[in-house]
Amino acid sequence: MTIYGGIEAGGSKWECAIGTGPNDLRATATLPTTTPAETIDGAVAFFEREGPVDAVGIGSFGPLDGNPASPTWGYITTTPKPGWAQTDFGREIKRRLGVPVAFDTDVNAAALGEHRWGAARDLDTSCYITVGTGIGGGGMVGGKLVHGLLHPEFGHMRIPHDREVDPFPGVCPYHGDCWEGLASGRAIEARWGTPAAELDDEPAWHLEARYLALGIVCVICVLSPERVVIGGGVMNRPGLLELVQREIVALMNGYLSAPVFGDGISGFITAPALGPRAGVLGALALAATA
């Protein structure tokens, strides 16, 4: 049997796994994201200790270079995360483990995992959005991950920002008040002075739901997904998903007649069936393409 390794490389922690899918996880580990050398060393040590594996899939924070024909394939490129810009990641794992490696964004990996085993299983067109420290998204079209000039960067869409209602300038170091700049976990903490997990202010969460819905409506109108899966730590707020669903119906304002914009909204905008494991399971699914 072919055994895969998966890495979900997040900005604060890495999830590593060995197996073939959600019902066959043979080993897992969580590593803090420290320096590139230390974190990559930890992942390599895990696979050497718990393996061997036949291929590794990596879903990483970005931006990154996922073009196999590029001389910098496997690099994390212009990330604002201190110390990680221009990090050789995918090639280093490939060199040190001596196995094929598939390299993509963490949200594309999660989109693939939900398509293979989760809430978007077997759908032709779907997307996965994560709302955590940042905001990111991955799309499946025709049953395949969306790639193009680079990779999708959902979080850096520009959405309406009424500065009279919300004078907050945003936290994105590149764009200020892009979607991530206004609605990510970092934005919530910077605007309200309290981490999202500790914030208990209804008007604050209604504003958050509005911003999330504005971005998701853009995705719906461009990609026309059959399902939108939305995860990430910010979405752990009780009732937030339902607020977002209602805001989306209101923003669509009856323009599209599909039943999902009525009583079917809870099945259209949904939480990940794989929960917090969507990313690392998606990395295993990526490994199978390597």
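Does Val219 qualify as being in a helix (DSSP H, G or I) and either touching a residue at least 12 places away in the same chain (Cβ under 8 Å) or under 25 Å from Ala9 (Cβ atoms) (or both)? Yes. Given the condition under 21 Å from the mean Cα position of the chain (by Cα), surrounded by 15 or more Cβ atoms within 10 Å (Cβ to Cβ) and of a type outside the set (Lys, Arg), answer yes or no: does some residue in segment 253-264 qualify? No - not one qualifying residue is present in segment 253-264.
Look at (1) in a strand (DSSP E or B); (2) surrounded by fewer than 15 Cβ atoms within 10 Å (Cβ to Cβ) and you find that Asp104 fails only one, number (2). Annotation note: Cβ proximity below 9 Å between a residue of segment 177-201 that is over 21 Å from Ile159 (Cβ atoms) and a residue that is surrounded by fewer than 24 Cβ atoms within 10 Å (Cβ to Cβ) and of a type in the set (Gly, Ala, Ser) (sequence gap 6+ or interchain) occurs for Thr194/Ala204; Pro195/Gly185; Ala197/Gly185; Ala197/Gly233. Residues in segment 77-93 that are surrounded by fewer than 20 Cβ atoms within 10 Å (Cβ to Cβ) and of a type outside the set (A, V, I, L, M, F, W, C): Thr77, Thr78, Thr79, Pro80, Lys81, Pro82, Gly83, Gln86, Asp88, Arg91, Glu92.
Among the residues making up segment 107-131, those that are outside any strand (DSSP E or B) and over 14 Å from Ala278 (Cα atoms) are Asp122, Leu123, Asp124, Thr125.
Ala37 falls short on exactly one of the conditions (1) of a type in the set (A, V, I, L, M, F, W, C); (2) in contact with a Cys (Cβ under 9 Å, 6 or more places away or on another chain); (3) free of Cβ contacts under 8 Å to residues at least 12 places away in the same chain, and that condition is (2).
Read the figures in this text as sums done on the coordinates, not as results from a lab. Worth saying up front: this structure is predicted, and the values here are computed from it rather than measured. Positions of Cβ are generated from backbone atoms using ideal geometry, with glycine treated the same way; all protein chains shown enter the neighbour counts.
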